[in-house]
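Each reported figure results from applying straightforward, stated rules to the coordinates on display, with no laboratory input. Every value quoted in this text rests on a predicted model; they were computed, and no experiment measured them. No Cβ is skipped: glycine too gets one built from the backbone with ideal geometry, and neighbour counts run over all protein chains shown.
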């Protein structure tokens, strides 16, 4: 099998590429950085630039599945200009893949797209499944709606389409966990906002394995990429501190101060969704890291 991954040099993309190569799956990947192009017998890079509508069509040769992980980081300050980058980086990349495939012969049968749990409205009580149609009123929800619509257009090409609504990905050296752990290590950790906001998290190994599970079993539709046991922000902070042998002694940081400091981006830490993993489990996926305690033991 040969697949094409976009965003292959990102947190999930790197780990997923390594997983596929270990399993004997050939990987083609698209990158906007010519310096990141590699060519080995089973791992080949190709240049693209979605903003300029440029793509090396050789990337599609022999490819049966596309995994689209492309998208600008949401952890940089949300100026109006950068919000446009966040949205367009997801939509334009999918649109370029779509327009390219409509104009050439190819063997692609399955399109798997990243998505986010940010599509669901913030709630402290409602458990969201893939069947819920409610959409939040935040910028992130707007992004996810457009992102998923861009993925759905591949159905018109006769492909199966899968969307992975990913939660807070926890990894040792990249992503959110090192940023959360850093002040705690310094003895300056604090709970943000009320602390009661939900964190639907997932270990990096599990989100990679879920993508691979969807790939191997040709699953289509929407799947929540979250662990079975979400925790509140307060509990997550507490468990990180316990793992690091630190104490959270500072008072909670009020939400209004975070909004002053972070602006609209404060929604990332103040809002939360309680999200179910039941559907992927019904499809025979077994989590490696189901509880936050064991996940943090592995990562910290």
message: Between 264, 92, 282, where does the largest GNM mean-square fluctuation fall for the chain, given springs only between Cα atoms within less than 10 Å?
response: 282
- prompt: What order, most packed first, do the peptides 21-28, 274-281 have when packing is the mean number of other Cβ atoms within 10 Å of each residue?
  reply: 274-281, 21-28
- prompt: Angle, helix 139-152 long axis vs. longest principal axis of the chain, Cα atoms, 0 to 90°, nearest 10?
  reply: 20
- request: Find how many whole Å separate the alpha carbon centroid of the range 4-70 from the alpha carbon centroid of the range 124-193.
  value: 22
query: Could you give the length gained on full extension between residue 77 and residue 194, defined as 0.36 nm per residue of separation minus the Cα-Cα distance, in nm?
result: 39.9 nm
Per-selection Rg to Rh, the range 194-300 - Cα, Kirkwood hydrodynamic radius: 1.04
query: How far apart, in nm, are two points set 7 Å out from the Cα along the Cα-to-Cβ line at residue 250 and at residue 40?
result: 4.2
query: Once every DSSP H run of n ≥ 4 in the chain is given -39500 (n - 2.57) and the sum is divided by its residues, what mean residue ellipticity at 222 nm do you get, rounded to the nearest 500 deg cm²/dmol?
result: -11000 deg cm²/dmol
message: Which one, 203, 289, 33, has the greatest fluctuation when you compute a Gaussian network model over the chain with C-alpha springs under 10 angstrom?
response: 33
- line: Rounded to the nearest 10 degrees, the helix 176-185 long axis (Cα) sits at an angle to the longest Cα principal axis of the chain of 30
message: I'd like to compare 195-202, 124-131, 211-218: which one has the highest average count of other Cβ atoms within 10 Å, and what's the full order after that?
response: 195-202, 211-218, 124-131
message: If you fit an axis through the alpha-carbon atoms of helix 233-243 and take the longest principal axis of the Cα set of the chain, what angle between them do you get, 0 to 90°, nearest 10?
response: 80
message: Can you compute the radius of gyration and Dmax for the chain, using only the Cα atoms, both in Å?
response: 19.2, 61
17 Å cut-off, amide nitrogen to a point 7 angstrom out along residue 218 Cα→Cβ, residues in the range 85-120: 107-112
